[in-house]
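Note sheet for the following structure.
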Amino acid sequence: MKQIARRMTVAGWFSVAGIFVVLVVAFFAPLLIANDPMETDPLRRLSKAEGFPLGCDQLGQCVYSRLIYGARLSLIIGFSSRLTALLIGLAVGLAAGYFGGWLDWFLMRLVDMFLAFPSLLLAIAVSMVLGSGIGTVIFALAVVGWAEMARIIRSAALELRSAEYVIAARTLGASHLRIILTHILPNCLPLITVIFTMGMATAVLSEASLSFLGLGVDPSLPTWGGMVAAGKDYMLRRPELVVYPGACIAFLVIVFNVFGDELRDILDPSRKGHW
């Protein structure tokens, strides 16, 4: 951690501060909101009523409160989907890279099959089949993301399985599971941290895209993508209904991407500028 802090650039510290702010907002959302984000009132429709800092949307709901709760949903969905994708990709990648042979061939053909589909189209197809909902969005994004993680982790495992300490452990009679958990996996952690962090940005953007298309969570729930979709019909009268949630999405994606880039350059300087 001290090495990461010493080598962090100004842009990196900005991204850390941005992520911290979003986490604080999401965690303390009930204390920060001005009004109930789910409460509707036709009399407040598209108005800037007193007590509503950013005005009201087309349903008379508090835009500010829905933005605050939108941060919570975006982080929950992004983290859950990436964690699920990571667990699947980690198991597949380590098995393929360490054991090799026919298992590697079979698992990589499965990975190739998933990577052959455009990620957003695959997520849309899964969401259309299973219906809308938070669980569906998390599952759809996990299905989209695990294959790329598996391929990256496999490459690291292929390199590590021929390391001297792995060969020595195998010679001494250590089991395959013990070698993977004590030698292969710990040395993959820097790579796993980087791809998980950078994948958060992709997950947030994908969730916003699905919500914009009406295939995300329940439209009544406050999500940034859903707010953009609902506000696009009123852009000429109230452009901020699209600008505010769009800016939040862009900010969250940028800070996670910048932080991921910083971690990549710090943990693996030899690949700086080559990813």
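Observations on the model:
- Shape class for segment 1-142, computed from the alpha carbon gyration tensor (a ≥ b ≥ c): oblate, with a/c not under 1.5 and a/b at or below b/c.
- Most positive-pole-ward Cα, Leu46, Gly173, Phe99, against dipole of the chain from beta carbon charges: Gly173
- Expected 222 nm ellipticity per residue - DSSP helices of 4 or more, -39500 (n - 2.57), all of the chain, to 500: -23500 deg cm²/dmol
- Length gained on full extension, Val24 to Val243, computed as 0.36 nm times the residue gap minus the Cα-Cα distance: 76.6 nm.
- Gain upon complete extension [Leu181, Phe79; 0.36 nm per residue less C-alpha separation]: 34.4 nm
- Length-normalised contact order of segment 7-162 in % [C-alpha pairs under 8 Å, at least 6 apart]: 22 percent
- Label zone at Ser162, where the point sits 7 Å out along the Cα-to-Cβ direction: segment 73-104 residues whose backbone N lies under 11 Å: none
- Cα-projected label distance for Ser47 with Asp233, points at 7 Å along beta-carbon direction, nm: 2.1 nm
- Angle of helix 63-99 to the longest C-alpha principal axis of the chain, folded into 0 to 90 degrees and rounded to 10: 10°.
- Rounded to the nearest 10 degrees, the angle from helix 119-130 to the longest Cα principal axis of the chain is 70 degrees.
- Sorting 138-149, 175-186 by average packing, meaning the other beta carbons within 10 Å per residue, from highest down gives 138-149, 175-186.
Any read-out appearing in this document is the output of simple, stated calculations on the displayed coordinates, not a laboratory observation. Note that the coordinates shown come from a computational prediction; the quantities given were computed from them, not determined experimentally. Don't worry about glycine lacking a Cβ; one is built from the backbone with ideal geometry, like all the others, and counts go over all protein chains shown.
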